Amino acid sequence: MKHRYNPVLIAVIVLGLVCALWLNWTRHKVEQANNTVEMAMEYEGLRKLATLQGVSEDKVLREFQAAGINSLMLFDTTLERLTKKGEIYSATTEELRKAASLGADRGVFAAVPEDKLTCDAAFVAASSNPAVMPDVLEDLQLRYGKDRVEIVSSEPQIIRVVGSTELLPEGKYDEPHGLLQAPLGLPVRDMQKLAGMGFQLIVRPQNYINVREEQIDSIFKRIAKAGVKVHAFMPCGKETVGYPDKVEYLGKKLREHDMTLVMLEHYTQLRFAQIDGLIPLAEFNNYKSARSYVIDALEQKKISVATALHRWALTDEERNIRVNYIRPFLLPVEGKDIMQINLKYVRDIKANVEARGYTIGQAGVFADVTNAQGFAPYFPAKTMWLPIVLAIVAGVVLFASLLFNLSSKTELVLWAVLSAVGCGLLMLGRGLLTRQLLALAAASVFPVLSMSVIMNIWDKNTTSNGLVKIIWQAMWQLALAIALSLVGAAFLSAILTDSRFLLEIDIYRGVKLTFILPVVLTAVLYLKRYDMLQVVGKGVKSLLEKLNSLLDTGLTFKHVAVLFVFLFIAFYFVGRSGHTGGVPVPAIELKMRAFLEQVMYARPREKEFMIGHPAFFLTVMAVYKCAPRWWQFVLICGAVIGQGSLVQTFCHMRTPVVMSFVRALDGYAVGVIFGIISILGMSVLLYVGKRLQRRYMEQ
């Protein structure tokens, strides 16, 4: 079988690697420039905490500001909220009818005519702050239309709005809200108060029914009326303001006001919470967006403060989260005051953020660091990707040549044709599918090529070395294999680098295949290289004849047992990938993860240091001890799992590129320890096995 590599294709890969490393360095600078994290809480959450504690709202705000909260989220106000704050009076038709039947004084609502009490409605009147009423009237008309809103009394001014006034219990966010709890508009006085205290503001208005540009304009007019700077917009509810056909207009308004779009990560930590119109809004806002994370409200009730704090420790660094959306704990723990629990919780989160090199401030965004004219998203020129296309195709052709013994001329012709196709498709439109396929090719082929180089080294072995020498051989050979696999990782990272992938608007689609293909391709290459199927003759026909004879083989219980073991391993291996797999993680493994997170910069992946790298050490041992070829085959299939896993790490574009490289090195360090233990353990088992065999033979 052909073991030499075409020098022209090797040169192409080297040149492509230089370009890929440059793009990865540029990506690193983009990520480094985005190093500001925002510590945000809901204003209403802090108001509720103040009420529970029986202390003033201003005191709570000041203490949390001192603890590290620099931003507050403001939602649309409601009639119920304005009433509780004493800014308006409100009553329902039912309440006014009941008061009349009891002969009670209706107070300010005595001016409501009897003929206006014929249907379910809410009535609103001014309290000690009459300046609020014009905003309320405007909000009600924008939200419900002028046909449902009317002024039923001028002195005093009373507004009637027709509709359901049924109240829903707290937490019933997915059910229709009545008039008293339905969103109105952004509260001017709250914006002025919080901005005056030095907080940054993130507004979270809800969408309108049959939304119009006039309604979108009202949001920004209300901010202008408050006379404050609002730097960020975060959608609220199941759809963003402007959905379905005014999202572009909202994006235009966000750009005009230089606002950052805050995009809330999904609770599975994959992409974003399901909000209709979110991705188009990010596009229309020119990708000036920041990723946000919050612990799900129902889940937070089930976990401890320490568990929650552990999640925050890594989220900003590993997933490029730039808005820490913090919810307070509202139940005492171990008899401790909830105010102090939450203040310490915030202080600890802030300390963790700063310990990892981030500063607290306005959320950072991914921007083109070469642009001096203001914000611009990071999208490399397509021409920068062309050398990488040529290099990835060269790797694919090298693998094909190893498998099919192609001549040098055939290799170059095949490379030229595939490269022309790849470059042409890349230049069409966004070239997203082409980039995804190239990334899959890089992630699948280069781990196999790295193992091919190692197999060349093994083929030159003619002696059975001692245990120490075997361990040394395994250490440097594994380091070489990792270095070669990282070439493919560099290509994958470079070909996918842009603002959409960094924000996770686009994601790499071949994660499962990236786990499986390197193992399958290595198995096929190994079987072909050492003719383990004992194919007589050459060509596809002979191979098909051999496969046909294998299919005619009668199955035994041993075959079924081996197949069951392989299927279980495959299920566990693939099922543990991704974020929603059904394979649980053992408690001892969770503890080991926590330990590694504490002692290492980037926690390595278990598939590398617990499966792939120990299997690599055992493969070296099997080779140098001249173990049966089928044992070597099984072990090398396990060894390539580690190579595929470290390349697959780079598929998560939200993780900083330097962290992914360091994770591979940390995986090597821990993998060497597990590998040495595996070799020593296997040596003991072989020794004990020989002693038992000898004792049996003597009997």
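The values are calculated or read from the model by the stated rules, or taken from the named source; none is laboratory data. Since this is a predicted model, take the numbers as computed values, not measurements. As a convention, Cβ positions derive from the backbone with ideal geometry for all residues, glycine included, and neighbour counts pool all protein chains shown. Side chains included, ligands, DNA and RNA excluded: accessible areas come from the protein's heavy atoms. Shrake-Rupley method; radii C 1.70, N 1.55, O 1.52, S 1.80 Å.
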Given the rule -39500 (n - 2.57) for each run of at least 4 DSSP H residues, summed and divided by the residues of the chain, what is its mean residue ellipticity at 222 nm, to the nearest 500 deg cm²/dmol?
-> -18500 deg cm²/dmol
Descending accessible area (1.4 Å probe), largest on the left, turns GLU334, GLU214 into GLU334, GLU214
How about the range 492-530: which trypsin sites (Lys or Arg not before Pro) there lie in a loop by DSSP and see at most 15 other Cβ atoms within 10 Å?
-> ARG509
Counted charge near PHE284, where neighbours are those whose Cβ lies closer than 11 Å (Asp, Glu -1; Lys, Arg +1) = +3
Stretched out fully, how many nm does the piece from ASN465 to SER304 gain, at 0.36 nm a residue minus the Cα gap?
-> 52.7 nm
For the range 403-462 and the range 165-238, write down the distance between their C-alpha centroids in whole Å.
-> 53 Å
In Hz, Karplus ³J(HN,Hα) per residue of the range 259-267 (6.51, -1.76, 1.60; θ = phi - 60°; x = Gly, Pro) | 9, 8, 8, 8, 10, 7, 5, 5, 5
To the nearest 10 degrees, the tilt of helix 386-404 (Cα long axis) against the first principal axis of the alpha carbons of the chain is 40 degrees
Zero-based 5 Å bins, Cα pair distances in the range 613-699, whole percents = 3, 13, 17, 18, 15, 12, 8, 6, 3, 2, 1, 1, 0
Sorted list, accessible surface of protein heavy atoms, 1.4 Å probe, largest first, for SER678, SER419 is SER678, SER419
Taking the chain as the reference, fit the longest principal axis to its C-alpha atoms, fit the long axis of helix 432-459 to the helix C-alpha atoms, and give the angle between the two in degrees, 0 to 90, nearest 10.
-> 30 degrees
For an R0 of 51 angstrom, estimate the FRET efficiency from the Cβ-Cβ distance between THR359 and MET427 and round to the nearest 0.05.
-> 0.80
With Cα coordinates, the longest principal axis of the chain makes an angle with the long axis of helix 557-575, in degrees rounded to 10, of 40 degrees
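Out of the DSSP beta bridges found with both residues in the chain, what percent are antiparallel (nearest 5)?
In the chain, DSSP labels about 40 percent of beta bridges as antiparallel.
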Cut-off under 5 Å, modelled amide H: who pairs with PHE272 long-range = HIS266
Roughly speaking, to the nearest percent, how much of the range 464-513's 1.4 Å accessible area is carbon and sulfur?
-> 72 percent
Compute the accessible area per residue over the chain, keeping the other protein chains in place, probe 1.4 Å, unit Å².
-> 47 Å²
